[in-house]
Amino acid sequence: MGENIDSKITRWDDSHRQWPLPHLPWTMKQTWNDLLFAHYPIKLEVLRRLVPDVLAIDSFNDMGWIGVVPFHMTGIRLRGLPPLPGTNRFPELNVRTYVTIDGKPGIYFFSLDATNLLAIKTAKTFYHLPYLYADIVVKHNGPTVEYESRRLSDDNSKLLCSYWPISEPFHAAKGTFDEWMSERYCLYTLNKRGVPLRCDILHQPWMLQHAEAEISHNTVLSSQGIQVESGQPILHFSKKIEVRMWPLVHAID
């Protein structure tokens with residue numbers, strides 16, 4: 001039964017992606033829930049010092065952008081396998097920016113905080129991602145998401161906030177910042193030799209909402225030496241999206 005379901009998933013429409021998917025089967029599925037996209041502008045010359053030189057910085061309105069993205073994942077499983085109890089759901093907090101290689105715009109992660117040690121070890125081993133162990137509590141109060149994250153290896157890295165949508169859902173219009181920051185279908189990372197790798201992803205176009213937030217404590221940027229230009233982020237919310245991930249491939253042919 002699992003393989004029949006997986007076969008149907010592979011036939012998802014991918015025509016909205018900017019380039020074809022790899023000729024490989026997807027390896028993992030996830031569902032991302034209650035996401036806040038909090039984006040802060042950063043000078044390009046400052047961002048350039050933070051991102052490996054092999055990755056070209058992607059900019060919007062002549063600025064780099066740092067995204068702080070709290071959310072929680074459910075339905076995590078490997079292709080062909082049932083969900084593993086204890087590893088199929090957990091909250092996460094991403095700090096990211098935007099890069100491109102060969103015309104393929106993607107995401108580069110400075111950090112990914114999560115509560116699941118097995119998932120952290122797996123992601124570090126197989127996807128070379130900078131996951132870190134954190135204590136994260138997510139609560140819901142009507143439409144409001146209350147989110148608290150404390151990195152256990154660095155007491156200076158905390159995010160305490162509440163956020164909620166303030167508009168009807170919409171798809172991002174072409175050429176807008178909304179589309180630029182959200183419609184990206186890969187992530188980039190480097191292996192131990194510094195070779196850039198790409199993980200392709202597939203999901204339907206994002207359904208976004210404008211958002212508001214009360215951020216009472218945010219040191220997830222300063223604790224990593226990231227100096228942004230404004231303490232007032234651009235905010236978006238997304239309720240839910242299902243995602244498929246592919247194996248890592250070399251980003252430069």
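The values are calculated or read from the model by the stated rules, or taken from the named source; none is laboratory data. Keep in mind the model is a prediction, meaning the values are calculated, not measured. Glycine also receives a Cβ, built like all others from the backbone with ideal geometry; neighbour counts cover every protein chain displayed. Ligands, DNA and RNA are excluded from the accessible area calculation, which covers all protein heavy atoms including side chains. Shrake-Rupley method; radii C 1.70, N 1.55, O 1.52, S 1.80 Å.
For the reader, a short list of remarks on this structure follows.
- Residue 28 vs. criteria at pLDDT below 95, surrounded by 15 or more Cβ atoms within 10 Å (Cβ to Cβ) and of a type in the set (A, V, I, L, M): yes
- Contact map, region 63-74: residues that are more than 16 Å from residue 177 (Cα to Cα) paired with residues that are of a type in the set (Ser, Thr, Tyr), Cβ distance under 9 Å, separation 6+ or inter-chain. Pairs shown: 70/147; 70/149; 70/163; 71/147; 71/238; 72/147; 73/31; 74/31.
Table: residues versus (1) loosely packed, with under 13 Cβ neighbours inside 10 Å; (2) under 18 Å from the mean Cα position of the chain (by Cα).
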residue	(1), (2)
215	no, no
221	no, yes
226	no, yes
235	no, yes
240	yes, yes
249	no, no
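- For residue 97, the stated conditions hold: it is polar (S, T, N, Q) and either buried (at least 16 other Cβ atoms within 10 Å of the Cβ) or under 17 Å from residue 226 (Cβ atoms) (or both).
- Flag for residue 84 being of a type in the set (A, V, I, L, M, F, W, C), more than 16 Å from the chain's Cα centre (by Cα), at pLDDT 95 or above and outside any strand (DSSP E or B): no
- When residue 231 is tested against (1) in a loop (DSSP other than H, G, I, E, B); (2) surrounded by fewer than 20 Cβ atoms within 10 Å (Cβ to Cβ); (3) at pLDDT 95 or above, only condition (3) is not met.
- Criterion: farther than 30 Å from residue 25 by Cβ, modelled with pLDDT under 95 and in contact with a Phe, Trp or Tyr (Cβ under 9 Å, 6 or more places away or on another chain) - qualifying residue of 167, 162, 153: 153
- Of all residue pairs spaced 6 or more apart or on separate chains, none has beta-carbon atoms under 9 Å together with a first member in region 236-253 that is under 14 Å from residue 23 (Cα atoms) and at pLDDT 95 or above and a second member that is open to solvent by 20 Å² or more (accessible area, probe 1.4 Å) and of a type in the set (Gly, Ala, Ser).
- Taking the criterion of being assigned to a helix (DSSP H, G or I), touching a residue at least 12 places away in the same chain (Cβ under 8 Å) and hydroxyl-bearing (Ser, Thr, Tyr), the only residue of region 109-158 that qualifies is 127.
- Filtered residues of region 60-81 (kept if open to solvent by 40 Å² or more (accessible area, probe 1.4 Å) and in a loop (DSSP other than H, G, I, E, B)): 61, 62, 79, 81
- Hits in region 145-169 (condition: among the charged types (D, E, K, R), in contact with a Leu (Cβ under 7 Å, 6 or more places away or on another chain) and within 26 Å of residue 209 (Cβ to Cβ)): 148
- The lone exception for residue 106 - which of (1) open to solvent by less than 20 Å² (accessible area, probe 1.4 Å); (2) under 28 Å from residue 146 (Cα atoms); (3) in a strand (DSSP E or B) it fails: (2)
- Residue 193 meets the conditions (1) open to solvent by 30 Å² or more (accessible area, probe 1.4 Å); (2) over 28 Å from residue 250 (Cα atoms) in every case but one. The failed one is (2).
- Some residue of region 175-189 being within 20 Å of residue 58 (Cβ to Cβ), assigned to a loop (DSSP other than H, G, I, E, B), basic (Lys, Arg) and open to solvent by 10 Å² or more (accessible area, probe 1.4 Å): no
- Subset of region 159-174 (residues that are open to solvent by less than 40 Å² (accessible area, probe 1.4 Å), of a type outside the set (S, T, N, Q) and part of a strand (DSSP E or B)): 159, 160, 161, 163, 165
- Counting residues in region 127-134 that are of a type in the set (Ser, Thr, Tyr) and open to solvent by 40 Å² or more (accessible area, probe 1.4 Å) gives one or more.
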